[in-house]
Amino acid sequence: MIQVKDTLRATVRISFDGRVHKTFRGPKADERFANEVRVLRFLEERACPFVPRLLEAHPEQLQIVTSNCGSRVEHLDEARTKELFAELETYGVRHDDPEIRNVTYRQTDGRFCIIDFEFATLLGG
């Protein structure tokens, strides 16, 4: 596996089959894990096409496995970034960390995607 992120809050590795393995750690890791699982399941129920799919959730290890949404984006203008996160809200989720570090680009369909939902909020509920 290739490690792509190692911070106080999480470690993210990509396996050779392309799946993304995220392990939560640090303050409130269990709450952040539970929130990301809940939000990803909510978005899957609504068929949101530009977020990762939750493939596995392991609460005992505070680890999730998701589909891969492409590579990190280095440059994206502010207007397009705001538009992308506003589109997410039409699916009932506010990201609460709408930064370019949470945007990827999926080459297979030319789509910008949003990742990292540990701080996201479900709207209207």
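Annotation: Ile64 fulfils all but one of (1) more than 12 Å from the chain's Cα centre (by Cα); (2) modelled with pLDDT of 95 or more; the unmet one is (1). The residue list Cys113, Cys69 contains one member that is in contact (Cβ under 8 Å) with a residue 12 or more places away in the chain, within 13 Å of the chain's Cα centre (by Cα) and either assigned to a loop (DSSP other than H, G, I, E, B) or surrounded by fewer than 16 Cβ atoms within 10 Å (Cβ to Cβ) (or both), which is Cys69.
Screening Phe16 on (1) part of a loop (DSSP other than H, G, I, E, B); (2) in contact with a helix residue (DSSP H, G or I) (Cβ under 8 Å, 6 or more places away or on another chain) shows it passes everything except condition (2).
Only residues that are under 10 Å from the mean Cα position of the chain (by Cα) and either assigned to a strand (DSSP E or B) or of a type in the set (D, E, K, R) (or both) were counted across the range 100-110, and they come to 2.
Selection of the range 29-40 for residues being over 15 Å from Thr11 (Cα atoms) and either exposed (fewer than 13 other Cβ atoms within 10 Å of the Cβ) or β-branched (Val, Ile, Thr) (or both) yields Glu31, Val37, Val39. Restricting attention to the range 35-61, the residues that are under 13 Å from the mean Cα position of the chain (by Cα) and either in a loop (DSSP other than H, G, I, E, B) or farther than 12 Å from Asp116 by Cα (or both) total 12.
Taken over the range 80-99, the criterion of being in contact (Cβ under 8 Å) with a residue 24 or more places away in the chain and not in a strand (DSSP E or B) is satisfied by Arg80, Leu84, Phe85, Glu87, Leu88, Glu89, Tyr91, Gly92, His95, Asp96.
Which of the residues belonging to the range 47-66 are among the charged types (D, E, K, R) and surrounded by 13 or more Cβ atoms within 10 Å (Cβ to Cβ)? Show your work before the answer.
Let us first name the residues in the range 47-66 that are among the charged types (D, E, K, R), namely 53, 56, 60.
Listed by number, the list holds a single entry, Arg53.
The values are calculated or read from the model by the stated rules, or taken from the named source; none is laboratory data. Just so you know, these numbers come straight off a predicted model, no measurement behind them. Cβ sites come from the backbone with ideal geometry, for glycine too, and all protein chains shown count toward neighbours.
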